[in-house]
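The values are calculated or read from the model by the stated rules, or taken from the named source; none is laboratory data. Computed from a predicted model, the values in this text were never measured in an experiment. Quick reminder, even Gly has a Cβ in these numbers, built from the backbone with ideal geometry, and neighbours come from all protein chains shown.
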Amino acid sequence: MFILVNLKTYPCDPVAVAEAVRDVDESTDARIGVAPQATHLERVAETGAETWAQHVDPIEYGSNTGHTLAESVADAGAVGTLINHSEHRLKLADIDGAVRAASRTDLETVVCANNPAQVGAAAALGPDAVAVEPPELIGTGTPVSQADPEVVEGAVGAAASVDIDVSVLCGAGISTGDDVVSARDLGSEGVLLASGVAKADDPRTALEDLVDPL
Ligand code: G3P
């Protein structure tokens, strides 16, 4: 299972969380990555944790003030990027452009989607993975894998119907090892989560709990 921890703009210590991600990753068969804010990418990557960007724009080098260039996040040490998070929505053409921008510099891509229909559309663009996240469950602590199993199964089916090899992750409300196991049992190859770790009193313990039953 791939566990990708999105730090959003939560007021956690990104380096401390990254060090916990690195250490827990080394102690388990699960793969764990962390997606800090763009300004923290370099410091987080220096910890040795698998580092992801939260976003890249569908642009190339040039006159793009305020945008995020795939080459720059890769130079900062990121190995992958989220695209089209629910809190940073893009138009379909821009998702396509962002996936292509990421692939220029070999960044792994996870395109987020609200529901199985969007998963099908996103998967057709050829990212490495799609992540289904019902917006109404994000940040609630109510796990999608237990509260809305149909949406996870639907996402797995939608991705499988596209003639491209695309992994499926699920997210929203995931915070325990049981949530991760439920996600796996529904066919998900990973989870995307944020508050369960970034807002935990002790992120390291939260991570250990997540991987404990795997
Ligand atoms: O990117 C992960 C996310 O949107 C889910 O957030 O806080 O429900 O784990 P959370």
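Taking the criterion of being surrounded by 15 or more Cβ atoms within 10 Å (Cβ to Cβ) and polar (S, T, N, Q), the residues of segment 134-158 that qualify are 142, 145, 146.
Residues of segment 125-165 that are farther than 25 Å from residue 200 by Cα and under 14 Å from the mean Cα position of the chain (by Cα): 127, 128, 129, 130.
Consider segment 3-21 and keep the residues that are within 14 Å of the ligand (Cβ to nearest atom), in contact (Cβ under 8 Å) with a residue 60 or more places away in the chain and not charged (D, E, K, R). The one that is surrounded by the most Cβ atoms within 10 Å (Cβ to Cβ) is 5.
Taking the listed residues 32, 83, the one that is within 21 Å of residue 113 (Cβ to Cβ) and either surrounded by 15 or more Cβ atoms within 10 Å (Cβ to Cβ) or out of contact with any Leu (no Cβ under 7 Å at 6 or more places or on another chain) (or both) is 83, with no other qualifying. Set side by side, the residues 90, 69, 82 differ, and just one is farther than 19 Å from residue 188 by Cβ and out of contact with any Pro (no Cβ under 8 Å at 6 or more places or on another chain), which is 69.
Among residues of segment 169-187 that are closer than 14 Å to residue 5 by Cβ and in a helix (DSSP H, G or I), those with a beta-carbon under 6 Å from a residue that is among the hydrophobic types (A, V, I, L, M, F, W, C) and within 15 Å of the ligand (Cβ to nearest atom) at least six positions away or on a different chain give the pairs 180/191; 180/210. Being polar (S, T, N, Q) and more than 14 Å from the ligand (Cβ to nearest atom) holds for only one residue in 145, 161, and it is 161. Only one of the numbered conditions (1) modelled with pLDDT of 95 or more; (2) surrounded by fewer than 21 Cβ atoms within 10 Å (Cβ to Cβ); (3) of a type outside the set (Gly, Ala, Ser); (4) more than 14 Å from the ligand (Cβ to nearest atom) is not met by residue 125, and that is (2). State whether the residues of segment 53-69 include one that is surrounded by 15 or more Cβ atoms within 10 Å (Cβ to Cβ) and free of Cβ contacts under 8 Å to residues at least 24 places away in the same chain. No, segment 53-69 contains no residue that is surrounded by 15 or more Cβ atoms within 10 Å (Cβ to Cβ) and free of Cβ contacts under 8 Å to residues at least 24 places away in the same chain. The single residue among 153, 133 that is among the acidic types (Asp, Glu), near the ligand (Cβ under 9 Å from one of its atoms) and at pLDDT 95 or above turns out to be 133.
Whether a residue is closer than 20 Å to residue 80 by Cα, within 14 Å of the ligand (Cβ to nearest atom) and touching a Ser or Thr at 6+ places or on another chain (Cβ under 9 Å) was assessed, and residue 168 does not pass this test.
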